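See below for the structure under consideration.
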């Protein structure tokens, strides 16, 4: 790919990427010679400071960690088999090695309570330097949480699919509290759009192109976005080119 397309970035999406340390070492040795920037997904219990340095030296600049919660009780409920201390260690080693981290806190596990939400949110507030996202869990079909929710009458299987798998409160948290937390999280992840300009050119699908400025909700940096279709502005997650934090775009109209 580098010889044919002159690529300079590679993203590795493989949940088993670091299962074997020997394979990871060999990969770093080989890709390091290519002078590429690359990213990967790792578990927090699969790294140490030595591995982190090796990743950085081989060109790794972003690591997506599976975090999910800052409560050991909820981590056990999610069957993560990791601890908050292991999360702290991995993120700290990445910071020391100047590697950007990505990850999520997911609220709403079946054993979630108001106390565990406060515990996770307190940890999140104290670690803003990592620009981690926070969202509500979605009980996707096939998961234990989904089957339990169907059995409890919280999910109608047909309606759930028709609505494209929405957030469902499967926890012990009162609905009013759950809804307020969800609204707060949506707005905290939103980046404000301003100075919108409509382009004269259409894209391949005949959509009008936009140019606008956006302010990152994490690092407050202002960036100019170009060649965006109108119906793509509010779709999915976007990434800040400065801090690599993830956000939604919100125009306020």
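Listing for the model above:
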| read-out | value |
| --- | --- |
| Condition broken by residue 45, with the remaining ones in (1) at pLDDT 95 or above; (2) surrounded by fewer than 18 Cβ atoms within 10 Å (Cβ to Cβ); (3) within 19 Å of the chain's Cα centre (by Cα) satisfied | (1) |
| Criterion violated by residue 27 - all others in (1) in a strand (DSSP E or B); (2) under 15 Å from residue 12 (Cβ atoms) satisfied | (1) |
| Residues of region 74-119 satisfying the condition of being surrounded by fewer than 16 Cβ atoms within 10 Å (Cβ to Cβ) and either within 18 Å of the chain's Cα centre (by Cα) or more than 15 Å from residue 173 (Cα to Cα) (or both) | 76, 79, 81, 83, 85, 88, 92, 95, 96, 98 |
| Meets criteria (over 30 Å from residue 73 (Cα atoms), at pLDDT 85 or above and out of contact with any strand residue (DSSP E or B) (no Cβ under 9 Å at 6 or more places or on another chain)) for residue 150 | no |
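The values are calculated or read from the model by the stated rules, or taken from the named source; none is laboratory data. Source: prediction; values computed, not measured. In this analysis, Cβ positions are derived from the backbone assuming ideal geometry, glycine residues included, and neighbour counts consider all displayed protein chains.
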